[in-house]
Amino acid sequence: MTEKRLKTGPDFIWRDMEVGNIVTEAGSAALRRTGDWRSQRPIIDKERCNKCGLCWLYCPDVAIKLLEDGYYETDLFYCKGCGICAKVCTREAITMIEEEEE
Amino acid sequence: MDGKFIKFGKNLVTTDEFVAEGHSFCVGCGEALALRLACKALGKDVIIANATGCIEICTSPLPVTSWRVPWIHTLFENTGAEISGIEAGLKILMKKGKMPERDIKCVAVAGDGGTSDIGMQALSGAFERKHDFLYLCFDNEAYMNTGIQRSSATPYGASTTTAPAGKLSIGQTTWKKNMAEIAVAHDIPYVATACPSYPFDLINKVKKGGEVKGPAYVHIFSPCPTGWRYPTDLAIEIGRLAVETGIFPLYEVENGRYKLNIDRPKLRPVEEYLKPQGRFRHLLDGEIAKIQEHVNEEYAKLKAKVACFAA
Ligand SMILES: Cc1ncc(C[n+]2csc(CCOP(=O)(O)OP(=O)(O)O)c2C)c(N)n1
Ligand code: SF4
Ligand code: SF4
Ligand SMILES: [Mg+2]
């Protein structure tokens, strides 16, 4: 990944564009942080989790990752804080807490 | 992409993501989830032609893209024509030996505006010529990407920016155009309705639609918190309520034969679906009763079609 490709948003000017507006890397949107949209964050309680995976299945933002041990973890780089994972969890293992200003 | 699967009872769902994270769909977008699941069903051997709309805009912010499969942006009015050309082109290249024979699914993706209004003519032509393709309509019931303008798929009574509710209007004054039935009328081998609140059903239908020889159409109900004005965590509930009230029944039509995939002995009252959504907040009891009556009628018609093919 070159420095040039990492530029997005306001840092990105027309000179950074490939000729013909070509996008050269599949899935490169994964470079974009969408976690900074969030006003609340999901906290997963491992004690209550039964590894059913429903949070993973229903997250619109691919922000829940499967861990080696079968549990799930939120990926705060992408999580937009919608709260869908907390709603679909049948064990009430996910709670949403307010984000605080940094 | 590691080709692993997660097991949900008898259903296996791939961990491969063909639409990368970092996309810009709104917080809690049901259309984003529907797309994620549909692409899991299709796998990597696809070419996607995608009309303008939330899906196109949110997955292709220059200089990056979310797509990990071949994808092309189309205009509203030519998605059907473009996917026809892609399919015909692949066929001829393979016939002439210019590329190896293999199964590549040609898939068109568009919103309700791009399908039931603007793209209808090209789509009808593609159905009629019997191209081997799958058309996915992601129905969030308005032109959402440009700011909630009404389409012919907007339901009766919904407030939009171009048909706002107020003293003199209830908002949308026409009933939702039934796009799935229009597809059925083209006598194509496979038509289905789906909703991301029923992920395995959605995945099965998209898979089936991709495998069928000839045209296939899947109409996907895609709850939109921004346009429907409900809290961001409710997409799954709203989708379930649409199905359980009979407002959006889940069915398949295979070679003209109807089958209901979810059939509750008793439908829930439409009010339960309408109440949580800001776009219906202004509706009075009389209007709600009118919607209930319409849903009952439409559901009875659908049941009668299913009954024709029972046993
Ligand atoms: C011919 C044409 N008219 C208008 C537009 C502007 N436009 C871009 S996206 C959009 C809304 C699309 O609505 P829909 O197809 O329902 O998809 P959604 O955004 O709701 O997912 C509009 C009107 C356009 N791109 N092309
Ligand atoms: S809050 Fe929303 S975006 Fe974040 S992990 Fe849960 S479902 Fe995904
Ligand atoms: S406007 Fe609606 S459909 Fe479009 S990205 Fe936002 S929530 Fe999704
Ligand atoms: Mg739309």
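Read-outs: derived from the displayed coordinates by stated rules, not from any lab. None of the values given here were measured: they were computed from a predicted structure. Backbone-built Cβ (ideal geometry, glycine too); neighbour counts: all protein chains shown.
Would you mind checking A:Lys51/B:Lys259; B:Lys213/B:Lys305; A:Lys65/B:Lys105; B:Lys10/B:Lys176; B:Lys10/B:Lys259 for any pair whose Cα atoms are more than 30 angstrom apart?
Over 30 Å apart, Cα to Cα: A:Lys51/B:Lys259; B:Lys10/B:Lys176.
Counting Cβ atoms of other protein chains within 10 Å of each Cβ in B:3-14 and taking the mean gives 2. Ranking A:Phe77, A:Pro42, A:Ala30 by how far each Cα lies toward the positive end of the dipole of chain A (charges on Cβ) leaves A:Ala30 at the top.
For the protein assembly as shown, the gyration tensor built on C-alpha atoms gives a rounded shape. Its axis ratio a/c (a ≥ b ≥ c) stays under 1.5. With a 10 Å cut-off around each Cβ of A:51-59, the average count of Cβ atoms from other chains is 4. DSSP beta bridges confined to the range B:153-311 are antiparallel in about 65 percent of cases. Helix B:79-95 and the longest principal axis of the Cα set of chain B meet at an angle near 20°.
Between the range B:197-219 and the range B:244-311, how many Å separate their Cα centres? Cα centroid of the range B:197-219 versus Cα centroid of the range B:244-311: 21 Å apart.
Using a Gaussian network model of chain B in which every pair of alpha carbons under 10 angstrom is joined by a spring, one finds that among B:Val184, B:Val107, B:Val212 the greatest mean-square fluctuation is at B:Val212. Subtracting the Cα-Cα distance of B:Arg268 and B:Leu12 from 0.36 nm times their residue separation leaves 89.1 nm of extension gain. Overall, the range B:1-152 carries a charge dipole of about 620 debye about its Cα centre when +1 sits on the Cβ of Lys and Arg and -1 on the Cβ of Asp and Glu, all other atoms neutral. Taking Cβ separations below 4.7 Å as the criterion for a possible disulfide partner, the isolated cysteines in chain A are A:Cys49, A:Cys52, A:Cys59, A:Cys79, A:Cys82, A:Cys89.
Counting Cβ atoms of other protein chains within 10 Å of each residue's Cβ and taking the mean over peptide B:229-236 gives 5.
Rg and Dmax over the alpha-carbon atoms of the range B:5-310 stand at 18.9, 66 Å. Over the residues of the protein assembly as shown, the helix contribution to mean residue ellipticity at 222 nm works out to -8500 deg cm²/dmol, using -39500 (n - 2.57) for each DSSP H run of at least 4. Under the convention that each Lys and Arg Cβ holds +1 and each Asp and Glu Cβ holds -1, the size of the dipole of chain B around its Cα centre is about 520 debye. Full extension of the chain between A:Thr24 and A:Lys65 gives 12.1 nm of extra length, using 0.36 nm per residue less the Cα-Cα distance.
Among A:Arg38, A:Arg48, A:Arg15, the largest mean-square fluctuation in a Gaussian network model of chain A, built with springs joining Cα atoms closer than 10 Å, belongs to A:Arg15. What shape does chain A have by the C-alpha gyration tensor, where a ≥ b ≥ c are the square roots of the eigenvalues, rounded means a/c under 1.5, and otherwise prolate means a/b greater than b/c and oblate the rest? It comes out prolate by the Cα gyration axes. Rounded to the nearest 5, what % of DSSP beta bridges with both residues in the protein assembly as shown are antiparallel? Taking every DSSP beta bridge with both residues in the protein assembly as shown, the antiparallel ones total about 50 percent. Taking 7 Å steps out from each Cα toward its Cβ at B:Glu77 and B:Asp103 produces label points 3.7 nm apart.
Taken about its Cα centre, the range B:1-69 carries a charge dipole of roughly 300 debye when the Cβ of each Lys and Arg holds +1 and the Cβ of each Asp and Glu holds -1. If R0 is 35 Å, the Cβ-Cβ spacing of B:Glu128 and B:Glu293 corresponds to a FRET efficiency of close to 0.50. Nearest 10 degrees is fine. How inclined is helix B:235-244 to the longest principal axis of chain B, computing both from alpha carbons? Between the helix axis and the principal axis of chain B, the angle is about 70 degrees.
Residues whose amide H lies under 5 Å from that of B:Val109, counting only those 5 or more places away or on a different chain, are B:Ala49, B:Asn50, B:Ala51, B:Leu136; hydrogens are built 1.01 Å from N in the peptide plane.
Annotation for B:Ile92 and B:Arg229: the two label points, set 7 Å from Cα along the Cα-Cβ direction, are 5.1 nm apart.
Using R0 = 60 Å, the C-beta based FRET efficiency linking A:Ser39 and B:Ala300 works out to 0.85.
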